[in-house]
C-alpha cells in the first residue's frame with residue numbers, strides 16, 4: 001500500500017469531559033447514560049447520524065431473561081425497553097421462546113428517537129457524524145499506557161477531544177487496539193469470524209396464509225426448528241421463524257437460486273405484515289478494516305434482490321411482499337477480542353460460572369453463525385456471570401472496553417454479544433468510569449468491585465442469582 005506523509009498540524013479541541021465514550025450503539029448508549037447519572041461529564045463519539053447501532057437494524061433486543069423468564073438484565077437496558085413500549089416502539093411484553101429466550105420486538109426508527117431523548121435527558125453530549133481515528137497516548141515509567149486525547153474526523157477535517165477516562169464501545173475495540181492493547185481476532189485456530197448479516201425488512205405479508213401452510217405441512221416442506229413456537233406461527237402471532245430448510249432445498253433443486261442460508265430466519269415486526277429478514281450471510285469478513293467492511297456491505301446488498309425473489313416465489317403469504325427497509329449498515333458479529341485482565345471462556349459459560357467480580361449476567365444460547373457456511377449452531381447454556389476484569393484491557397490503564405470487543409473467546413462471545421447483555425456491560429463500564437474519573441487515579445486503584453456492584457444494584461441492574 002502506498003503511503004503519504006501528512007505535515008504536522010494543530011487540531012482544534014471540540015470537547016473535553018471526564019469520560020469519552022467511543023460508539024453510540026447499545027453498549028455505548030448505556031455507558032454514557034450511566035456516567036452522566038452518576039454525576040460525571042461525558043460525551044459520545046458516534047460515526048452515524050444517530051445513536052443505536054445494531055438496535056437500529058430491526059432486530060429484537062435479546063438477553064433480558066433466561067429461558068424460564070428469570071431476569072438476567074434490567075437497569076438502563078430495561079428502562080429503554082419500557083420507554084419504547086410507551087412510545088409505541090415495542091410490543092408490550094417480551095415474546096417467550098424456548099430457542100432464543102424471551103425477547104423484545106422493537107421498531108428501529110422509534111428506538112433511535114427514544115435513545116436520543118434519554119441521552120438528552122441525562123445530559124450526554126453526542127457528536128454525530130464523527131469518526132474516532134487515533135489515540136494520543138502517554139506511556140509511564142512502567143510501560144503502562146494512558147490515553148488523554150483522541151483524534152476524530154468529520155466535516156471540516158480532523159479535531160481533538162479530551163477526557164480523563166475512555167470507554168471503548170466501538171464494537172471492534174478500535175480505540176483499545178490503537179492505544180496498544182493486545183487482541184485476538186475471531187476464533188482461535190484460524191482467526192475466522194462469525195458471518196456478517198445485512199438485515200432488511202419485507203412488508204405486505206399475509207401471515208394467515210403462511211400459518212396455514214406451516215400448520216398443514218410442518219413435518220414436510222414447511223419444517224420448523226423443534227424449539228420455536230409453532231403455535232405462534234399457526235395463529236399469526238409475533239414470532240421468530242427458524243426453519244423451512246426443506247423449502248430452501250426444494251428451491252435450490254428446482255431453480256438457479258444460490259440462496260446464502262440453509263434455513264429461513266426472520267423476526268416479525270411491531271407493524272402488521274412486516275418481518276425483518278436475518279438471512280444475508282457474508283463469510284470471511286474483516287469487519288474491523290476499511291476494506292473488509294466496505295466489501296461486506298457490497299456483498300450483503302448483492303444478496304437482497306435474490307432473497308426478495310425467493311420469498312415472493314416460494315414462501316406462502318409472501319407473494320405480495322415488498323422491500324420496505326434496508327438496515328443502515330451491515331451487522332458485524334465478531335472482530336477483535338481485546339485481551340483483558342480476564343478472558344471469559346466457553347467453559348465459563350457452559351458451567352454457569354459466577355466470579356466474585358461479576359458485574360453483568362448472560363444466559364443466551366451460544367449462537368454461532370459459521371464463517372464457512374450458511375448455517376448456525378445454537379447451544380443452550382445456564383445463566384452465568386461476566387467479571388469486571390473482562391473489560392479492563394491489559395496495559396491501557398484509563399480505558400474500559402464494553403460491548404462485543406470485551407475480553408471473551410469465540411465461544412463465550414457467541415452467547416454474550418446480545419444487545420441486552422452489552423447494555424449491562426455498558427452500564428457497568430459507565431459506573432466504573434465515573435468513580436475512576438472522580439478521584440483522578442488509575443482504573444485499577446480507584447475503588448473496589450463491590451462499590452461498582454452495589455451501585456449497579458441500587459440502579460436496578462441484575463448482577464446476582
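Would it be correct to say that residue 150 is in a strand (DSSP E or B), buried (at least 19 other Cβ atoms within 10 Å of the Cβ) and touching a residue at least 24 places away in the same chain (Cβ under 8 Å)? It is true that residue 150 is in a strand (DSSP E or B), buried (at least 19 other Cβ atoms within 10 Å of the Cβ) and touching a residue at least 24 places away in the same chain (Cβ under 8 Å). Taken over segment 366-405, residues that are under 21 Å from residue 282 (Cβ atoms) and either part of a helix (DSSP H, G or I) or not assigned by TED's automatic domain parsing to the domain that holds residue 343 (or both) amount to 3. Within segment 251-261, restricting attention to residues that are surrounded by fewer than 18 Cβ atoms within 10 Å (Cβ to Cβ) and over 11 Å from residue 310 (Cα atoms), which residue is farthest from the chain's Cα centre (by Cα)? Looking at residues that are surrounded by fewer than 18 Cβ atoms within 10 Å (Cβ to Cβ) and over 11 Å from residue 310 (Cα atoms), I get 254. Please determine, by comparing only the residues of segment 199-220 that are touching a strand residue (DSSP E or B) at 6+ places or on another chain (Cβ under 7 Å) and within 19 Å of residue 242 (Cβ to Cβ), which one is modelled with the lowest pLDDT. Result: 218.
Quick check: anything in segment 114-133 more than 30 Å from residue 155 (Cβ to Cβ), surrounded by 16 or more Cβ atoms within 10 Å (Cβ to Cβ), in contact (Cβ under 8 Å) with a residue 40 or more places away in the chain and in the same structural domain as residue 31 (by TED's automatic domain parsing)? Working first, answer last.
First pass over segment 114-133, keeping only residues more than 30 Å from residue 155 (Cβ to Cβ): none.
Within segment 114-133 (the criterion being more than 30 Å from residue 155 (Cβ to Cβ), surrounded by 16 or more Cβ atoms within 10 Å (Cβ to Cβ), in contact (Cβ under 8 Å) with a residue 40 or more places away in the chain and in the same structural domain as residue 31 (by TED's automatic domain parsing)), the answer is no, since none of the residues qualifies.
Looking only at segment 285-343, residues that are within 17 Å of the chain's Cα centre (by Cα) and either in a strand (DSSP E or B) or without any contact (Cβ under 8 Å) to a residue 40 or more places away in the chain (or both) come to 5 in all.
From 49, 53, 75, 63, grab the single residue that is under 30 Å from residue 180 (Cα atoms), in the same structural domain as residue 396 (by TED's automatic domain parsing), at pLDDT 95 or above and surrounded by 22 or more Cβ atoms within 10 Å (Cβ to Cβ).
Details: 49 fails: surrounded by 22 or more Cβ atoms within 10 Å (Cβ to Cβ); 75 fails: under 30 Å from residue 180 (Cα atoms); 63 fails: under 30 Å from residue 180 (Cα atoms).
Exactly one residue qualifies, and that residue is 53.
Filtering segment 8-24 to residues that are surrounded by fewer than 24 Cβ atoms within 10 Å (Cβ to Cβ) and assigned to a loop (DSSP other than H, G, I, E, B) leaves 8, 9, 10, 11. For segment 159-202, filtering for residues that are in contact (Cβ under 8 Å) with a residue 24 or more places away in the chain and either more than 17 Å from residue 43 (Cβ to Cβ) or in the same structural domain as residue 303 (by TED's automatic domain parsing) (or both) leaves 27. For segment 344-365, the candidate set comprises residues that are assigned to a loop (DSSP other than H, G, I, E, B) and touching a helix residue (DSSP H, G or I) at 6+ places or on another chain (Cβ under 6 Å); within that set, the residue that is surrounded by the most Cβ atoms within 10 Å (Cβ to Cβ) is 364. A single entry from 420, 412, 438, 429 fulfils the requirement of being part of a helix (DSSP H, G or I) and modelled with pLDDT under 95: 438.
Does residue 368 meet the test of being surrounded by fewer than 24 Cβ atoms within 10 Å (Cβ to Cβ), in contact (Cβ under 8 Å) with a residue 12 or more places away in the chain and under 20 Å from the mean Cα position of the chain (by Cα)? Explain how you work it out, then say what you get.
On the way: surrounded by fewer than 24 Cβ atoms within 10 Å (Cβ to Cβ): yes; in contact (Cβ under 8 Å) with a residue 12 or more places away in the chain: yes; under 20 Å from the mean Cα position of the chain (by Cα): yes.
Yes, satisfied.
The values are calculated or read from the model by the stated rules, or taken from the named source; none is laboratory data. Only a predicted model underlies this, so the values are computations on that prediction, with no experimental measurement involved. Don't worry about glycine lacking a Cβ; one is built from the backbone with ideal geometry, like all the others, and counts go over all protein chains shown.
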